[in-house]
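The values are calculated or read from the model by the stated rules, or taken from the named source; none is laboratory data. The shown structure was predicted, so the numbers you read here are calculated from the model rather than taken from an experiment. As a convention, Cβ positions derive from the backbone with ideal geometry for all residues, glycine included, and neighbour counts pool all protein chains shown. These accessible areas exclude ligands, DNA and RNA; they are computed on the full protein's heavy atoms, side chains included. Shrake-Rupley method; radii C 1.70, N 1.55, O 1.52, S 1.80 Å.
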Amino acid sequence: MTARYIGLFGALFVLIVGVGVLMGTPFTVRLLVEAFAFALIAMGLNIQWGFGGLFNFGILGMLMVGGFAVTFISYPVNMDFWASEGPLHIGRTLVAAAIGAVLIFFAHRVQRLGITGKWRGAVIVLAWFIAYVIFRSQMDPAASYITSTAGWIGGLGLPVLLGWVFGGVLAGLIGYLVGKVSLGLRADYLAIATIGIAEILRAVIKNLEWLTRGTLTVSPIPWPVPNPQAYQAAGHDATTSFILARGGFLAVVVVVVLIALFLIHRAYLGPWGRMMRAIRDNYIAAGSMGKDVTGRQLEIFVFGSVLMGIGGAILVSFVQIYDPSSYQPINHTFIIWVMLIVGGAGNNFGALFGGLFIYIVWMLSEPLAQALFGGLSNFSSDMGWGAIPDIESRAVQMRVFVMGLIVTIALRFAPQGLLPEVLSRKS
């Protein structure tokens, strides 16, 4: 198994060197930054699926939440908002939300007053309705006022790394709420539920124009390290500036990924990891031995969501644009599942390898397919058969074909992934 680790990561290193030679250093560094961010997200999915056997097809929603978090934290302050009555409106909205939360809290405890059964249910429904009316009575005027006077709230102008942390915290909080609602479901039902919740998150973020700017893009998102413009201002040429800036960004992301890998691998090898695997393999037996199955599953759902949120924040920081319309299930859910399937579910290093390898293949598929179609088109023209039409769009579609081909080959020859989970006798 050690030889397989060395061989696969060595082959990956050779692939990266080859990409650097063919595509240039600036492109390769950019590719690696995004690949490590996706690898972090794949490690989050590995916690949920590989450790706990939980289907999560709502990855897209967590990435969007992480992207919004870093935008809100690190984007420069919008003085038009803070100089208006917008903060006052937001304060009133928060007070209304707090009143609604108190009403709901006490409604769930009316049985202490002797109200039980269907009457308790009626009180809870009524409390939710009143809370909703109170909240909307303040929220709607606030949203209209902010949109008409300042456009949107803007950011807080705080450090980007704080935005990454907030992205993880916010995604973890969303994951907690999602888990509380849906973890009672099993297998495919849970997958369907998470798809629906991700679409709800996407719809909410796209329509909260006063908070997220809706379908309008937000840019430029600051970097945690000097960007290329800063290096160019210092006298470096364009190519050197991109290499230095992206190299600095890559170093930060690699450190984040290695820290996450170290922590979750220690947890995986420890008693907590063994308990999670026991619940995954036979939750009925684990429950009969006194384990809180739902509580433990909620833990891993939250931990996985945290890594997804951080990964989403990193991606938005790097491209410097937050565009809710750009999130698509095939790019932000399907490909991450492919990373984990090919890399090896239940193996942290498999998730890391799959994240890096699949993203590199995904990004190279288009230019390679375009070059292939271009050569075939020239040959076809020379033979008098006519040129191949729509080469660019065909090349984009080849990405999906290549991913499907890789998954098919992996399922045929390595159904447990290239680096499958290894269970020792002690485990």
Treating only Lys and Arg (+1) and Asp and Glu (-1) as charged, each at its beta carbon, one finds that the chain has a dipole about its Cα centre, in Debye to the nearest 20, of 1680 debye
Taking the Cα centre as origin and putting +1 on Lys and Arg beta-carbons and -1 on Asp and Glu beta-carbons, what dipole magnitude results for the stretch 220-324, to the nearest 20 debye? 440 debye
Only one of the listed values, [x] 59, 56, 49; [y] 83, 60, 47; [z] 63, 50, 44, was derived from the coordinates as Cα extents along the principal axes in Å; which label is it? [y]
Give me the number: length gained by fully extending S137 to I409, i.e. 0.36 nm times residue separation minus the C-alpha to C-alpha distance, one decimal in nm. 92.3 nm
Give me the angle, in degrees from 0 to 90, between the Cα long axis of helix 293-319 and the longest principal axis of the Cα atoms of the chain, rounded to the nearest 10. 60 degrees
L156-S380 FRET efficiency (beta carbon distance; Förster radius 45 Å; 0.05 resolution): 0.20
Quick one: if the Förster radius is 25 Å, what FRET efficiency do S393 and L216 give, using the C-beta to C-beta distance and rounding to 0.05? 0.40
When ranked by the protection proxy of mean other Cβ atoms within 10 Å per residue, highest first, what sequence do the peptides 220-229, 82-91 form? 220-229, 82-91
Could you let me know the centre-to-centre spacing of the stretch 38-87 and the stretch 162-225, using Cα atoms, in angstrom? 6 Å
Simple spin-label model, 7 Å along Cα-to-Cβ: R109 to S288 in nm? 3.8 nm
Note: probe point = Cα of R4 + 7 Å toward Cβ; backbone nitrogen < 19 Å; residues of the stretch 299-343 passing the test are 338-343
Burial-style ranking of 163-174, 318-329, average other-beta-carbon count within 10 Å with highest first, yields 163-174, 318-329
Rounded to the nearest 10, the angle in degrees between the Cα long axis of helix 348-382 and the longest principal axis of the Cα atoms of the chain comes to 50 degrees
Using the Cα centre of the chain as origin and beta-carbon charges of +1 (Lys, Arg) and -1 (Asp, Glu), tell me which of A260, L126, I409 is placed farthest towards the positive end of the dipole. L126
Can you give the charge dipole size of the stretch 189-274 about its Cα centre, rounded to the nearest 20 debye, using +1 on the beta carbon of Lys and Arg and -1 on the beta carbon of Asp and Glu? 280 debye
What are the aspartates and glutamates whose alpha-carbon lies under 15 Å from the alpha-carbon of K291, with same-chain residues fewer than 8 places away excluded? D281, E299
Among A39, V17, Y359, flag the residue with its Cα farthest along the positive direction of the charge dipole of the chain, charges on Cβ as +1 for Lys/Arg and -1 for Asp/Glu. A39
In degrees rounded to 10, the 0-90 angle between helix 160-182 Cα long axis and the longest Cα principal axis of the chain is 60 degrees
Please compute the modelled spin-label separation between K118 and V225, points set 7 Å along Cα→Cβ, answer in nm with one decimal. 6.5 nm
Note: V125 to L258 extended length (0.36 nm per residue) minus current alpha-carbon separation gives 43.2 nm
In square angstrom, what is the accessible area per residue of the chain with a 1.4 angstrom probe? 49 Å²
